[in-house]
Amino acid sequence: MELLKVNDVNKQFGGFKALDNISISISEKNIYGLLGPNGAGKTTLIRIINQITGPDSGELFFKGAKLNQKHIKVIGYLPEERVLYKKMKVGEQALYFAQLKGLTRYDALTKLKYWFEKFELQAWWNNKIEELSKGMQQKVQFIITILHEPELLIFDEPFSGFDPINVNLIKNEILNFRDKGATIIFSTHNMASVEELCDNIALINKAKKILEGSVTDIKQKYKSNIFEISYKGGKEEINRATNNNIEILETTGNNGLCSVKIKLKNNIKTNDLLQLLLPHIQIQSFNEILPSMNDIFIQRVENDKVIN
Amino acid sequence: MKKISLIIKREYLTRVRKKSFIIMTILGPILMASLMIVPIFIAQMSDETKTIAVVDETGLIYNQLPQTDNLKFEYLITDITTAKKIFLNSNYYALLYVPKSIINNQAAYNRPISPILFSGYQPSLNIKMFIANSIKKEFETARLEASGIDPNVLKSIEMKVDITTTLLKESGKKEESSNSEISTALSIFSGILIYMFIFMFGAQVMRGVIEEKTSRVVEVIISSVKPFQLMMGKIIGIAMVGLTQFCLWIILTLIIITFFKFSFPNIFDLGRMQEIISNPQASQMTMQNIDQIEKTHEVLQGIASINFAVMIISFIFFFLGGYLLYAALFAAIGAAVDSEADTQQFMAPITIPLIFSVIMAQFVINNPNGPVAFWLSMIPLTSPVIMMLRIPFGVSYIQVAASAFLLILGFLFTTWFAAKIYRTGILMYGKKINYKELWKWLTY
C-alpha cells in the first residue's frame, strides 16, 4: 500500500527552481532511497514532506489523506547535521523533543530509558550535549528521531560520523523499524549503503527526477553484458575459444587459474558463449557483473549534464 | 497550546538556571539597595574624631572655632616653630597656623587672607571648607564689631529659605508633600532600567534565535511546531525570565532595606527626626547635626511619598509592552542573519528609537508634561522609556491608558511583521540579506 505520494511538487526560491514537477510514490514498509548530487533539491523535498516549508504547487498525500499538521506525530526526521542545543543536558533535551512530538512525559521517560540503555548512553544523561563525542551526539539525535515510533522515518545521511561498529548498530535499528512496519526515506550519497538497504530509489538532479524504480530493476536496466569468468588454464585460451565474440576488459591471474572480465558482443547469448567455451576450458565460476549504484548514479548525472 | 508552553518552559528554565542569571539577581538588589542606603548612611556616619592643633597669632579665633562630633580644635599657645615640632610628635590630624601678618593685610580688602594648614596627609576638601568658613565667620564678626555693627543684630536679620513642594489634588483628597529631587532620581532610574531591560532581554531573544538557526535545531523543532509558535514561545519565555529577575530584585532589595532598618533604627526613625527638627534646643545637638538630620528626613520623606505600587505596576506593564514590541523585531533580525556579526546593519533601526528616548530623558524631565514629553510617550517605540520617566512626576490616567493602548497596538503590529520575516528567514542559509530581500519576505 502506498504510504506517501508526492504529486507534481514545485518549489522556487527567488529565481532558483529547487523542485521541478517532482512526483514520487513510496509504498509501505519500504526503504526508499532519495539520491542526488549536492544541491539537487533533496533537502527541500524532505523539508516539504516534514512540513517545514510548503510547496509552491503540487500536493502530498499520507496514506491517501492530504498531508497536514496531524501527521507530524507519525513522522520522524533525522537531519544531516547534529542539531541539538549544545548547552542543554542530554536527558532534558531528549525529553523536550519527545514532548514536542506529542509524547507524554511519562511515556517519553520510559522509552528514553530503554533506548539510552540500548545505546549505552545512560551515564551521559546529565551531561551537556557539547561534552559528548560526535558519535554519541548522533546517537542522541537518532533516539530523538525514532522515540515516538513514527510510521515514516526520514534519515538524511544517518551514518556520517559513526565508526563501523555504530554504523552496524544504526543499520540494524533501521532494518528493525522496517520489519516492524515503518517506512523509511533514506537520503544519502553513500551508494554502498543504498544497495545494501534500499528497496526503491529516486534519483534527483537539478530539481528534476531523472530515475526511479526498485534497485534490482534499475540494475537490470543498466547492465551492460559484462561477465566474470574464472577458469583453469592460460590467458590466451579464452580468446581462441570465443572467435572474437567477446571483448576482454580485464585479465587477472596466471597460468594456473585465470579470471577475466568480458563484455559480450554480436548479440551473443550467455548459453551460446558457454557452449563455445566448455570444450576448451574448465570453468570454475561464471557471474554476471551488474553495475553498482555508484556507477549508475555517476552515469546518469553525467548524462544529464551533456543533455543540458 | 501545549507545545507553546513546552517551549516557554524550556526557554525559561535554561535561562533561569544559568550562572549569569543568578549572579545578576544577587548583584542587582545589592546595587539598588546601596543606591538608597549608602547616601543616608554616609550622611549619618560619624567619622573618627580628628583633632587639629591651632596656632593663632591674631587672637581672633582663639577658642572660637566651632567643634563638631568629628572635628576638634586644640589651641596651642606657642610659636609656630615649636608647634611644628609638637605636631610631628603627636596625633594631631593637622596644624592650623593663622599668622599675624593676616591682620596687616586686612587693609587690602579684596585680597583673600590665607592661614596655613600643615598636615601629614592631604586634608579632605570638607575639612578645608569647614575651616575656611569658620575663620571667615570669625574675621567677619571682628570686622563688623570694628565697624560698630552688633553681630547679634546681624544674626537676627539672617534668614533661611527652604521650599516645600506639595501636589495639589482635587478637593477631598489628601495633599501630599512631594520631593522633586527624589522624583527626578527615580524617574531617571526607572527610565534607564526599562531601557536596559528591553535591550538585555531583547538581545537574548535575538541570540537565542541565531543559536537555533546556526545549529539548525530549528529544523527539528519546525517539523513539530509552527514557526510562529516557536517565536512566541521564545519571546514569552524570556519575558518571564525578565519578570522573574525584576521581582526577585524588588523582593531582595526590600529584604536588604528592612534588614538595615532593624540594624540601624535611628537612621530611619522619621518620628524622632521630626522631633529633633521641630525642637532643636531640647535635643542638644549642634546646628550641623540638625542640618544633616533634616536632609536625611527630607530624603526619607521623599521616598515615603512615592507610590511604589503604581511605580512597580507601571514598570511591569511598560517593560512587558516595550519588550514585546522590540523582542519581536529582535527575533526577526536573528532569523534574517547567519551570525551575530551580521546583525549590525539591521540593529540600527531598532536601537535608534531606544537610544533616542534615553537622550531625550533630560529634556522630558525638565518639562515632564510638555508637548515633546507627551508625544514621545504616545509613540510606541519611545513610550516605554519616556512614560517611565514621566510617571514619577504624575501623569493623568487617561494619558497612561492611551499610551498603554497604543503600545499594545504597536506590539501586535511588530509581532505580525516580525513573524513574516521570521518564518522565511529561519530556514534560509548562506544568503546575504539586505532590506530589499526582507521586503520580499514580507510580501511573500
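Where a number appears in this text, it was derived from the coordinates with a stated rule and is not lab data. Not measured: the values here are computed from a predicted model. Cβ sites come from the backbone with ideal geometry, for glycine too, and all protein chains shown count toward neighbours.
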**Study point:** Amide proton proximity set for A:Ser57, modelled H, under 5 Å, gap of 5+
**Key:** A:Asn10
Practice item. Would you look at the GNM of chain A, springs on alpha carbons closer than 10 Å, and say which of A:Gly41, A:Gly256, A:Gly102 moves the most? Key: A:Gly256
**Study point:** Cα centroid separation, the stretch B:339-400 to the stretch A:172-236 (Å)
**Key:** 66 Å
Review point. What ranking of B:Leu376, B:Leu6 emerges when the number of other C-beta atoms within 10 Å of each C-beta is taken as an exposure proxy, fewest first?
Key: B:Leu6, B:Leu376
**Study point:** Overall dimensions of chain A by Cα: Rg and Dmax, Å
**Key:** 24.4, 75
Practice item. Go through the stretch A:75-87 residue by residue and turn each phi into a ³J(HN,Hα) via Karplus (6.51, -1.76, 1.60, θ = phi - 60°); whole Hz please, and just put x for glycine and proline. Key: 10, x, 10, 9, x, 5, 8, 6, 10, 9, 6, 5, 8
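Could you list A:Trp125, B:Trp416 so that the one with the fewest beta carbons within 10 Å of its beta carbon is first and the one with the most is last?
B:Trp416, A:Trp125
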Revision key, fill the gap. Over its alpha-carbon atoms, the stretch B:50-157 yields an Rg and a Dmax in Å of 14.6, 46
Point to revise | Span per principal axis, largest first, for the Cα atoms of the protein assembly as shown (Å) | key: 154, 69, 50
Point to revise | Helical contribution to [θ] at 222 nm, DSSP H n ≥ 4, -39,500 (n - 2.57), averaged over chain A, rounded to 500 | key: -10000 deg cm²/dmol
Check your understanding: Residue by residue through the stretch B:205-219, which ³J(HN,Hα) values in whole Hz follow from phi under the Karplus form 6.51 cos²θ - 1.76 cosθ + 1.60 (θ = phi - 60°), with glycine and proline marked x?
Key -> 4, 4, 5, x, 5, 4, 4, 5, 6, 5, 7, 6, 4, 4, 4
Check your understanding: If we sort A:180-188, B:315-323, B:56-64 on the protection proxy, mean other Cβ atoms within 10 Å, highest first, what's the order?
Key -> B:315-323, A:180-188, B:56-64
Exercise for review: Could you go through the stretch A:19-29 in sequence order and give the Karplus-derived ³J(HN,Hα) for each residue, using 6.51 cos²θ - 1.76 cosθ + 1.60 with θ = phi - 60°, rounded to whole Hz, and x for Gly and Pro?
Suggested key: 9, 10, 6, 7, 10, 9, 9, 10, 8, 4, 6
Point to revise | Amide H partners (placed H, <5 Å) of B:Val54, local residues excluded | key: B:Glu74, B:Tyr75, B:Leu76, B:Leu96
Revision key, fill the gap. The answer for A:Leu3, listing residues at least 5 apart or on another chain whose modeled amide H is closer than 5 Å to its amide H, is A:Ile26, A:Ser27, A:Glu28
**Study point:** Lysine pairs meeting the criterion (Cα under 23 Å, 8 or more apart or interchain), as found in the stretch B:50-157
**Key:** 23
Point to revise | Binned Cα-Cα distance frequencies in the stretch B:374-444 - 10 Å width, integer % | key: 18, 34, 21, 19, 7, 0
Review point. If you average over every viewing direction, what projected area does the convex hull of the Cα atoms of the stretch A:87-158 give, in nm²?
Key: 4.7 nm²
Review point. What is the sum of charges around B:Tyr92, taking Lys and Arg as +1, Asp and Glu as -1, for the other residues whose C-beta is under 9 Å from the C-beta of B:Tyr92?
Key: 0
